[in-house]
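Everything below concerns the one structure shown next.
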Amino acid sequence: MTNASSSSRSRLRWGILGPGRIAPRIVRALIDNSRGELHAVAGRDPDRARAFAVRHGAATTHRTLDALLDDPSIDVVYIALPNGLHAEWTIRALDAGKHVLCEKPFALSVTEMDAIAAATARSGRVAVEAFMYLHHPQTLRALELIRSGTLGSVQVVSGAFSFLLDHPNDPRTDPDLGGGSLWDVGCYPVSISRRIAGEEPHHVAAFARFDERGVDRTFVGQLHFPSGLLAHFESGFAAPDRERLEVVGSEATLVLDHPFLPEPDGPPASLTIQRDGELERIEVEPVDQYRTEVDDLQAAILDGTPPRVDLAFSRGSIATLVALDKAARAEVGIAV
């Protein structure tokens, strides 16, 4: 679906809401991009937004988030605000006539996801959740191998994503802003498990260690899918950097050592098949997955191609995360 305001320009103009730690990677994806360019920045802290704009060459800094949405020159808004603000500002941006790329999680409830879907319908704009790893050739090749039967019948999916978070007053540990390791990094192994299964889990179980404010610092979850596939994962803020995905089939096992943040933001991508004691390394093209994510959305806007991460997939992600969070809190008697 082409945005009428952008069709007369050669490149889509992007605005960033929330110039935080991830936003520079989107800026990087727009450098020398024939279809898009960074134009404006706004944040909850105007001084921080201004410094970001100067550092990354944005032409305009808006003093408020609403001012950026009111800017008629902006075609696409990238939202990197704290989790609890994602749904609200996605809906506001859509209603202002902007296309949206919003950091995960898109929302904190299924009700919010349905409100986002309604906003896309009435605005005629595209909104996509920013699961950048789903655009990487490593992920696409892994899914191709799994679906081809190379591993045999898939039995178990095991994932992990953790890092040490000790910054004071970090919004990722604020219960009022959707804090917690499940929402921040647990969503990655949950989403890839669902992608592999090709269906939604019909049963979940979960355990977590919560801090004094009810924010999970370590989370362990299990998913049972109707097909019989089992998945389990770990996420956390209390352990060193760790990410891994293992897909166990009846004939072979596929291992991704860096499934979510490969180079240029981590080690090189790697796919290894383990079969009968032998290891087969699968070569993967090195790409910037933030660039492929941005290009996928721009193609959806300008060419009308379906986005790789659609709203139905995101709705399923949110429903599963809500169920996991509820299950973990029930285990320790924390009211939802």
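Take V332 and tell me if it is surrounded by fewer than 17 Cβ atoms within 10 Å (Cβ to Cβ) and in contact (Cβ under 8 Å) with a residue 24 or more places away in the chain.
yes
Could you count how many residues in segment 238-259 are among the charged types (D, E, K, R), crowded, with 16+ Cβ neighbours inside 10 Å and in a strand (DSSP E or B)?
3
Just to check your reading of the model, which residue among V77, V27, V41 is open to solvent by less than 20 Å² (accessible area, probe 1.4 Å) and not in a strand (DSSP E or B)?
Selected residue: V27, the only one of V77, V27, V41 that is open to solvent by less than 20 Å² (accessible area, probe 1.4 Å) and not in a strand (DSSP E or B).
How many residues are open to solvent by 30 Å² or more (accessible area, probe 1.4 Å) and out of contact with any helix residue (DSSP H, G or I) (no Cβ under 6 Å at 6 or more places or on another chain) if we restrict to segment 47-74?
Selection size over segment 47-74: 14.
Looking at segment 289-336 only, could you name the residues that are of a type in the set (S, T, N, Q), more than 19 Å from R13 (Cβ to Cβ) and part of a helix (DSSP H, G or I)?
Q289, T292, S314, S317, T320
For (1) free of Cβ contacts under 8 Å to residues at least 12 places away in the same chain; (2) touching a strand residue (DSSP E or B) at 6+ places or on another chain (Cβ under 6 Å); (3) more than 19 Å from S270 (Cβ to Cβ), each residue gets a yes or a no:
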site	(1), (2), (3)
L134	no, no, no
E144	yes, no, no
G149	yes, no, yes
G152	no, yes, yes
V157	no, yes, no
A160	no, yes, no
D174	no, no, yes
G178	no, no, yes
P189	no, yes, no
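For the subset of segment 260-291 comprising residues that are among the aliphatic types (A, V, I, L, M) and touching a residue at least 12 places away in the same chain (Cβ under 8 Å), which member is surrounded by the most Cβ atoms within 10 Å (Cβ to Cβ)?
Among them, the one singled out is A269.
I'd like the full set of residues that are over 27 Å from the mean Cα position of the chain (by Cα) and of a type in the set (A, V, I, L, M, F, W, C), limited to segment 269-286.
L279
The conditions are (1) touching a helix residue (DSSP H, G or I) at 6+ places or on another chain (Cβ under 6 Å); (2) at pLDDT 95 or above; (3) open to solvent by less than 40 Å² (accessible area, probe 1.4 Å), and A299 fails exactly one of them. Which is it?
The number of the failed condition is (1).
With the requirement that a residue be among the β-branched types (V, I, T) and either on the phi > 0 side of the Ramachandran plot or touching a Cys at 6+ places or on another chain (Cβ under 8 Å) (or both), what does segment 66-125 give you?
If the condition is that a residue be among the β-branched types (V, I, T) and either on the phi > 0 side of the Ramachandran plot or touching a Cys at 6+ places or on another chain (Cβ under 8 Å) (or both), then I79, T90 are the ones that fit.
Wholly within segment 137-237, which strands (runs of 3 or more DSSP E) include no fewer than the required count, namely at least 1 residues that are more than 23 Å from E283 (Cα to Cα), open to solvent by 20 Å² or more (accessible area, probe 1.4 Å) and polar (S, T, N, Q)?
154-164, 216-224
Could you tell me which residue of segment 108-127 is nearest to F313 (Cα to Cα), considering only residues that are surrounded by 22 or more Cβ atoms within 10 Å (Cβ to Cβ) and touching a Ser or Thr at 6+ places or on another chain (Cβ under 8 Å)?
M113
Here are some residues: S8, S73, S34, S109. Which one is out of contact with any Asp or Glu (no Cβ under 6 Å at 6 or more places or on another chain) and at pLDDT below 95?
S8
The values are calculated or read from the model by the stated rules, or taken from the named source; none is laboratory data. Computed from a predicted structure; not experimentally measured. Cβ atoms come from the backbone with ideal geometry, glycine included; neighbour counts cover every protein chain shown. For accessibility, only protein heavy atoms count, side chains too; no ligands or nucleic acids. Shrake-Rupley method; radii C 1.70, N 1.55, O 1.52, S 1.80 Å.
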